[in-house]
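These notes are about the structure you will find just below.
The values are calculated or read from the model by the stated rules, or taken from the named source; none is laboratory data. Treat the numbers as computed from the prediction; the structure is a model and nothing was measured. Cβ placement follows ideal geometry from the backbone for every residue including glycine, while neighbour counts extend to all protein chains displayed. Ligands, DNA and RNA are excluded from the accessible area calculation, which covers all protein heavy atoms including side chains. Shrake-Rupley method; radii C 1.70, N 1.55, O 1.52, S 1.80 Å.
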Amino acid sequence: MSSSPGSGSGSEPEPEPRPGPRPDNHVIVLFGATGDLAKRKLLPGLYHLFVAGLLPEKFRIIGSSPPDYALSDADFAAHAESAVSSFGETKPDGSNWDEFAACLSFGAASPEDPSPLVSAVDAAEKTIGGSRGSGPVRRSSRSSGCSVPRGLPPRARG
C-alpha cells in the first residue's frame, strides 16, 4: 500500500468527495458478509462510497454470518481489504483505508443465538452517538443487506 490517498496501484482516479449534506448516522449490517456478493460488490462499493464522501460522517459496517463462518473484527477488516483490492475500482490506500477499516466490525448470528450481532449493533450505535431509543441523543439509522444462496427452495427465498 502506498501512504497517500489517491496514489493506489489502480489506474482509475479516486472519486471526488461530494460537497453538501451527508446522510444521517448509520449502522449498516451485511448478512452473509463472508460470501461472494459481499466480497465482489458490497464491500468494494461501500469503500468507494466512503472515499467519494457519500457515506454518513459517522457510520459503522457490521459484517455477519452464521457462527461457522464468523470472523474477528481484525479478520473481517482483512477480508474487506482483500475484497476491495481484488474487486474494487477504488483501491484501499493509506489513511482513507485506515479510516474505513476502523468502522468495520463483525457479529456472528444464528436463529438460536443472535446475541453477538445484537451486541455489535448496540456497540456501533453507541460509538456513532445514536440509538434506536428516544432521548436527547440523535437516533442512528440501520440498514441491512442480505444475499440468499441459489440452492434454497422458493419459499425460503421470499
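Condition first: under 26 Å from residue 92 (Cα atoms) and in contact with a Pro (Cβ under 8 Å, 6 or more places away or on another chain). Now tell me which residues in the stretch 103-117 satisfy that. If the condition is that a residue be under 26 Å from residue 92 (Cα atoms) and in contact with a Pro (Cβ under 8 Å, 6 or more places away or on another chain), then 107, 108 are the ones that fit.
Looking at the stretch 90-158, none of the helices (runs of 4 or more DSSP H) lying wholly inside it contains 2 or more residues that are at pLDDT 90 or above, open to solvent by 90 Å² or more (accessible area, probe 1.4 Å) and in contact with an Asp or Glu (Cβ under 9 Å, 6 or more places away or on another chain).
Here is a yes/no grid of residues against (1) touching a Leu at 6+ places or on another chain (Cβ under 8 Å); (2) assigned to a loop (DSSP other than H, G, I, E, B); (3) at pLDDT below 90:
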residue	(1), (2), (3)
1	no, yes, yes
4	no, yes, yes
9	no, yes, yes
18	yes, yes, yes
22	yes, yes, yes
37	no, no, no
40	no, no, no
46	yes, no, no
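Scanning the stretch 58-88 for residues that are at pLDDT 95 or above, part of a loop (DSSP other than H, G, I, E, B) and out of contact with any strand residue (DSSP E or B) (no Cβ under 8 Å at 6 or more places or on another chain) gives a single hit, 88.
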